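Below you'll find the structure, written out as structure tokens, and then a few comments.
The values are calculated or read from the model by the stated rules, or taken from the named source; none is laboratory data. All figures in this text were calculated on a predicted structure; none of them were measured in a lab. Counting neighbours? That spans all protein chains shown, and the Cβs are built from the backbone with ideal geometry, glycine included. The accessibility values were calculated without ligands, DNA or RNA, using every heavy atom of the protein model including side chains. Shrake-Rupley method; radii C 1.70, N 1.55, O 1.52, S 1.80 Å.
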Amino acid sequence: MKYIFVLGRDPELSKAEIESYLEARKIPFTTIDNGKEALVIELSTFEKKIIKELGGTIKIAELLSSERRLDRIEYTLKEKELYKGSKNKITYSITALETDLDSFLEDYLKDYFKGMHLKALHKKEVSPSQLSQRKDALDFVVFRSHIGITIAVSNPKELKRRDLERPAVDHMKVISLRLAKILINLSEAKENSLFLDPFCGSGSILQEALLLGCKVRGVDKDPESIRQAKLNLEWLKQNYPLKEDYTLHYSDARKLTLYVPIKSIDAVATEPYLGPFIRKIPSIFEAITLIEDLTNLYAQVLNQLSQVLKKGKKLIFITPRFKTKEGKTLFLNFEVLAKEHGFDPEKKFFYAYPESKLLRDIHVLRKN
Ligand SMILES: C[S@@+](CC[C@H](N)C(=O)[O-])C[C@H]1O[C@@H](n2cnc3c(N)ncnc32)[C@H](O)[C@@H]1O
């Protein structure tokens, strides 16, 4: 079967996430079309839970037609049963991406619903959270020449609820749960993996890895962060069915091998210490000093990670870029550092939080 994956912001990151997710589970796939905001993929198996487990996909539509000629599209759509429900009043929406076929589909659907004696109301501008709540609503995706019917929608409200309801969160510090999921999937962590976050903070990445079915270990050298992580993970255990458990270490990421067995870890994803909170833009001199300090810390942590991570497994590591007063952007040469410690750099993504001054690079590395 073929599916249209509609991607959120950072589409390149979201595409890499989907690939890693499928590769980790050994699900064969072929990319049929690759656009700015969507991807068409042929998959051998499909489970609806994929939409919950991915952080960067907004919705998934089952492909109905990829024809280019209007008469062929019409012919193909006629073969499909578009509405299987029993109500005689429904609503439907159409998402159009890189296409002008949506007006054709709109006309086709009007006739189709009329023919079925259905009162169908075309709703425009329907958000994913509205869609995930309307069980009976039909949603179509038109991407280039592909037309699909939506079969799975991410529920941003559920993520927001989890984000706000957990007991200990410092919203100035934590990573978004959406990005946490993306990092975990990039690391190829899956059910039963032993997952490590060596700078776990209050445990955002750990909690999403637990929800994916991983066994997790978290490390932080700040006792308050460990206390918060414990509160959050206990809350998670009370509120979600979890298969595996967690271990937290109040310790230093530069000393991992003292308490994490050698070659025991299947996947690592972390947003490490990125330097002190930036109140004003640094000068070039200040940025260089910061970069030197971080290079020193990351080198020691990479040395430890290269010992605890199994061969061939992935490390996802975020590093900062600093904009300086002089108008330059400085960043550390993390790839060289990683190579020196036995990691092969595979991909790198630039990432800017909408609400943060700090720019980030997300590194995808594999232990050689
Ligand atoms: C950017 S925060 C991680 C936030 C986390 N991703 C979250 O969403 O909660 C970095 C964390 O690294 C911790 N840290 C700094 N230096 C450390 C070290 N040498 N070893 C372990 N943890 C360290 C800090 O206490 C802080 O909690």
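Kindly evaluate residue 254 against the criterion of being of a type in the set (Lys, Arg) and away from the ligand (no atom under 12 Å from the Cβ).
Details: of a type in the set (Lys, Arg): yes; away from the ligand (no atom under 12 Å from the Cβ): no.
No.
Look at residue 234 and say whether it is among the acidic types (Asp, Glu), more than 9 Å from the ligand (Cβ to nearest atom) and open to solvent by 40 Å² or more (accessible area, probe 1.4 Å).
Details: among the acidic types (Asp, Glu): yes; more than 9 Å from the ligand (Cβ to nearest atom): yes; open to solvent by 40 Å² or more (accessible area, probe 1.4 Å): yes.
Criteria met by residue 234.
Please list, ordered by first then second residue, the pairs with beta carbon atoms under 9 Å, 6 or more apart or interchain, first in region 187-205 and farther than 9 Å from residue 266 by Cβ, second hydroxyl-bearing (Ser, Thr, Tyr) and more than 6 Å from the ligand (Cβ to nearest atom).
Close Cβ pairs (under 9 Å, with a partner that is hydroxyl-bearing (Ser, Thr, Tyr) and more than 6 Å from the ligand (Cβ to nearest atom)) amount to 197/270; 198/270; 199/270; 200/270; 203/246; 204/176; 205/270.
Select from region 323-354 the residues that are closer than 24 Å to residue 12 by Cα and part of a loop (DSSP other than H, G, I, E, B) and list them in ascending order.
Passing the criteria: 332, 333, 353, 354.
Residues checked against (1) in contact (Cβ under 8 Å) with a residue 60 or more places away in the chain; (2) in the same structural domain as residue 191 (by TED's automatic domain parsing); (3) of a type in the set (D, E, K, R):
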residue	(1), (2), (3)
264	yes, yes, no
282	no, yes, no
286	no, yes, yes
301	yes, yes, no
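Pick from 45, 76, 57: which is among the polar types (S, T, N, Q) and over 31 Å from the mean Cα position of the chain (by Cα)?
On the way: 45 fails: over 31 Å from the mean Cα position of the chain (by Cα); 57 fails: over 31 Å from the mean Cα position of the chain (by Cα).
76 is the lone residue from the list that is among the polar types (S, T, N, Q) and over 31 Å from the mean Cα position of the chain (by Cα).
Would it be correct to say that residue 226 is touching an Asp or Glu at 6+ places or on another chain (Cβ under 6 Å), at pLDDT 95 or above and buried (at least 17 other Cβ atoms within 10 Å of the Cβ)? Break it down stepwise before answering.
Values: touching an Asp or Glu at 6+ places or on another chain (Cβ under 6 Å): yes; at pLDDT 95 or above: yes; buried (at least 17 other Cβ atoms within 10 Å of the Cβ): yes.
Considered against the rule, which asks whether it is touching an Asp or Glu at 6+ places or on another chain (Cβ under 6 Å), at pLDDT 95 or above and buried (at least 17 other Cβ atoms within 10 Å of the Cβ), residue 226 comes out as yes.
Taking the options 323, 314, 280, name whichever one is surrounded by 13 or more Cβ atoms within 10 Å (Cβ to Cβ) and more than 19 Å from residue 199 (Cα to Cα). Give the steps one after another, and end with the answer.
On the way: 314 fails: more than 19 Å from residue 199 (Cα to Cα); 280 fails: surrounded by 13 or more Cβ atoms within 10 Å (Cβ to Cβ).
Selected residue: 323, the only one of 323, 314, 280 that is surrounded by 13 or more Cβ atoms within 10 Å (Cβ to Cβ) and more than 19 Å from residue 199 (Cα to Cα).
Looking at residue 4, is it in a strand (DSSP E or B), open to solvent by 60 Å² or more (accessible area, probe 1.4 Å) and among the aliphatic types (A, V, I, L, M)?
On the way: in a strand (DSSP E or B): yes; open to solvent by 60 Å² or more (accessible area, probe 1.4 Å): no; among the aliphatic types (A, V, I, L, M): yes.
When the stated conditions are applied, residue 4 does not pass them.
Please find, within region 176-192, the residue that is nearest to the ligand (Cβ to nearest atom) out of those that are in contact with a helix residue (DSSP H, G or I) (Cβ under 9 Å, 6 or more places away or on another chain) and open to solvent by 10 Å² or more (accessible area, probe 1.4 Å).
To start, the set of residues in region 176-192 that are in contact with a helix residue (DSSP H, G or I) (Cβ under 9 Å, 6 or more places away or on another chain) comprises 176-190.
Remaining after also requiring open to solvent by 10 Å² or more (accessible area, probe 1.4 Å): 176, 178, 181, 188, 190.
Numbers: 176: 8, 178: 12, 181: 12, 188: 19, 190: 20 Å.
Across region 176-192, the extreme among qualifying residues is 176.
How many residues, within region 65-76, are among the polar types (S, T, N, Q) and open to solvent by 10 Å² or more (accessible area, probe 1.4 Å)?
In the first step, residues of region 65-76 are kept if they are among the polar types (S, T, N, Q); the result is 65-66, 76.
This time we only want the ones that are open to solvent by 10 Å² or more (accessible area, probe 1.4 Å), so: 66, 76.
Selection size over region 65-76: 2.
Residue 137 - would you say it is touching a residue at least 12 places away in the same chain (Cβ under 8 Å) and either within 30 Å of residue 275 (Cβ to Cβ) or within 16 Å of the ligand (Cβ to nearest atom) (or both)? Full working, then the answer.
Numbers: touching a residue at least 12 places away in the same chain (Cβ under 8 Å): yes; either within 30 Å of residue 275 (Cβ to Cβ) or within 16 Å of the ligand (Cβ to nearest atom) (or both): no.
It is false that residue 137 is touching a residue at least 12 places away in the same chain (Cβ under 8 Å) and either within 30 Å of residue 275 (Cβ to Cβ) or within 16 Å of the ligand (Cβ to nearest atom) (or both).
Checking the conditions here, which among 59, 36 is part of a strand (DSSP E or B), among the charged types (D, E, K, R) and touching a residue at least 12 places away in the same chain (Cβ under 8 Å)?
Numbers: 36 fails: part of a strand (DSSP E or B).
One residue alone meets the criteria, 59.
So that you can scan it fast, the table gives a plain yes or no per residue for (1) out of contact with any Pro (no Cβ under 6 Å at 6 or more places or on another chain); (2) hydrophobic (A, V, I, L, M, F, W, C); (3) not assigned by TED's automatic domain parsing to the domain that holds residue 88:
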residue: 146; (1), (2), (3): yes, no, no
residue: 150; (1), (2), (3): yes, no, no
residue: 169; (1), (2), (3): yes, yes, yes
residue: 176; (1), (2), (3): yes, no, yes
residue: 183; (1), (2), (3): yes, yes, yes
residue: 186; (1), (2), (3): yes, yes, yes
residue: 199; (1), (2), (3): no, yes, yes
residue: 215; (1), (2), (3): yes, no, yes
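Do you know which residues across region 120-165 are open to solvent by 30 Å² or more (accessible area, probe 1.4 Å) and of a type in the set (Asp, Glu)?
Those that are open to solvent by 30 Å² or more (accessible area, probe 1.4 Å) and of a type in the set (Asp, Glu): 125, 136, 158, 163, 165.
Do we find a residue being assigned to a strand (DSSP E or B) and touching a residue at least 40 places away in the same chain (Cβ under 8 Å) anywhere in region 231-249?
Restricting attention to region 231-249, the residues satisfying the condition of being assigned to a strand (DSSP E or B) are 246-249.
Retained after the next criterion (residues that are touching a residue at least 40 places away in the same chain (Cβ under 8 Å)): 246, 248.
Yes; the residues of region 231-249 include at least one that is assigned to a strand (DSSP E or B) and touching a residue at least 40 places away in the same chain (Cβ under 8 Å).
Please tell me if residue 62 is open to solvent by less than 60 Å² (accessible area, probe 1.4 Å) and under 30 Å from residue 115 (Cα atoms).
Details: open to solvent by less than 60 Å² (accessible area, probe 1.4 Å): yes; under 30 Å from residue 115 (Cα atoms): yes.
Judged against the criteria, residue 62 is a match.
Quick test for you: out of 98, 19, pick the one residue that is within 20 Å of residue 125 (Cβ to Cβ) and open to solvent by 30 Å² or more (accessible area, probe 1.4 Å).
Details: 19 fails: within 20 Å of residue 125 (Cβ to Cβ).
Of 98, 19, the one residue that is within 20 Å of residue 125 (Cβ to Cβ) and open to solvent by 30 Å² or more (accessible area, probe 1.4 Å) is 98.
Given the criterion within 11 Å of the ligand (Cβ to nearest atom) and either assigned by TED's automatic domain parsing to the domain that holds residue 165 or open to solvent by less than 60 Å² (accessible area, probe 1.4 Å) (or both), identify the matching residue among 309, 248, 274, 290. Full working, then the answer.
Working: 309 fails: within 11 Å of the ligand (Cβ to nearest atom); 248 fails: within 11 Å of the ligand (Cβ to nearest atom); 290 fails: within 11 Å of the ligand (Cβ to nearest atom).
Every option except 274 fails the conditions.
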